[in-house]
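Taking it in order: structure first as structure tokens, then the write-up.
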Amino acid sequence: MSPEQFLQRIQKTPPAAVYLFLGPEVYQLSACRRALVEKIIPPEDRENGLSRHDLEETTLAAILDDARSLSLFASNRVIWVSGAETALPRGRAASDEENSAAAELADYLKHPTPGTVLVLEASRYDFEGDDRAKMERVQKFYASIPDVVELRPYTVESARRLAQDLAKAAGVEIGLSEIGLLVESLAADASRIANEIEKLRLYTGGKRKVTADDILRLVPNAPASTIFTLVGALGRGDRKRALDSLDTLFREGEYLPLALTFLETQFRLAMAARDSGLKTAQQIQAQFSRQGIRIWRDRAEQVYQTLSAFPGEKLGRAIEKIFWADKALRDTRPDDRVVMEELVLSLTA
């Protein structure tokens, strides 16, 4: 089940005896843990009713013994166990040990302790890539647990929706472009997004709209996202903002060929939109999405702005200038600042 389904279920029905939480997404994990504890343990009993274990420091058998024990100080208990993936045995005897531990867990599930909820958290591995086989082994080991919550990382689109919801709840006024900048700066990390929105709330005092400069000033690593600000400024033909962004890139020591790569992508998307006869940001987003190109609303707006600022043959000439600028940056001992400033001046002429 998803974290959202888990949160809905525990509000409507009694919790299960055992849960398995799989995946690395810590923001959703924290929300689920908080909701579960609030549902099961009264505030006055939480000091005694919540127990924490780490399977790197103890054994699954010892944790199951704890779960079978009744507390003298709390009628309901939550036993939260991190490092659940470390319960999988290694070495030659791994198969026998694994079968024994899995059987012991299955036996507990047949007769769980009333009033006790056991949560096993396996957050080390992801669901895709190199971790996939390891995750599958963890799932197989804990196959006897019917209630599994999958904590998959946020996509860019879902992180944007989360940021909008958090901003609205916090009373932070922020536009779609600034939401996009924030999410890009934080690599769609939900926990960091929540923290930075709270910082922005305190910084603005809820009295004005958050600006891109606010984000660049407050958010860690946001200066790297100045690349996107530069792309947007050039796309609008905004020379002053483009030169300011370029100055920030130099001061922060950003890799300029990377900025040119983003810039070239932006202009090529604009050319594809022009060749397809697309007239609005909505049409651009819909068309590229149908082609399997992930593009969100404010990025579609940027492409539309570029298309508007570089009509006709001007767009093709801009792509050619970017090509020559990239070549110049790769020459022996180029003056990077001169190359980039000449590009900005030529594209905003």
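Restriction of the GluC sites (Glu not before Pro) in the range 1-78 to DSSP coil positions whose beta-carbon has at most 14 other beta-carbons within 10 angstrom yields 56, 57. For the chain, excluding the exposed loop sites themselves (trypsin sites (Lys or Arg not before Pro), DSSP loop, at most 15 other Cβ atoms within 10 Å), the longest remaining stretch covers 93-206. Less than 5 angstrom separates the built amide H of residue 118 from those of 18, 19, 79, all sequence-distant by 5 or more or on a different chain. Principal-axis analysis of the Cα atoms of the chain puts helix 26-40 at an angle of about 40° to the longest axis. Axis of helix 297-309 versus longest Cα principal axis of the chain: the two differ by about 10°, to the nearest ten degrees. One chain, two ends: residue 244 and residue 157. Fully extended at 0.36 nm per residue, the span grows by 28.4 nm beyond their Cα-Cα distance. For the range 110-156, GluC sites (Glu not before Pro) meeting the loop criterion (DSSP other than H, G, I, E, B) and having at most 11 other Cβ atoms within 10 Å: 128.
Extending 7 Å from Cα along the Cβ direction at residue 213 and again at residue 12 yields two label points whose distance is 4.9 nm. Computing FRET efficiency as 1/(1 + (r/R0)^6) for residue 69 and residue 286, where r is the C-beta to C-beta distance and R0 is 35 Å, gives about 0.05. Helical runs (DSSP H, four residues minimum) scored at -39500 (n - 2.57) apiece and divided by the length of the chain put the mean residue ellipticity at 222 nm at -18500 deg cm²/dmol.
Spin-label pair residue 261-residue 127: with each label point 7 Å from Cα along the Cα-Cβ axis, the two points sit 2.8 nm from one another. At an R0 of 45 angstrom, the distance between the Cβ atoms of residue 164 and residue 323 translates into a FRET efficiency of 0.75. Between the amide H of residue 154 and those of 190, distances stay under 5 Å, these residues lying 5 or more places away or on another chain, with hydrogens modeled in the peptide plane.
In this calculation the C-beta distance from residue 335 to residue 103 is compared with R0 = 56 Å, giving a FRET efficiency of 0.20. Rounded to the nearest Hz, the phi-derived 3J(HN,Hα) couplings of the range 136-141 under the Karplus curve 6.51 cos²θ - 1.76 cosθ + 1.60 (θ = phi - 60°) are 4, 5, 4, 4, 5, 4, where x marks glycine and proline.
The numbers here are math on the coordinates, done by the rules we state, and not lab data. The structure displayed is predicted, hence computed values, not measured ones. A quick note on method: Cβ atoms are made from the backbone with ideal geometry, for glycine too, and the neighbour counts reach across all protein chains shown.
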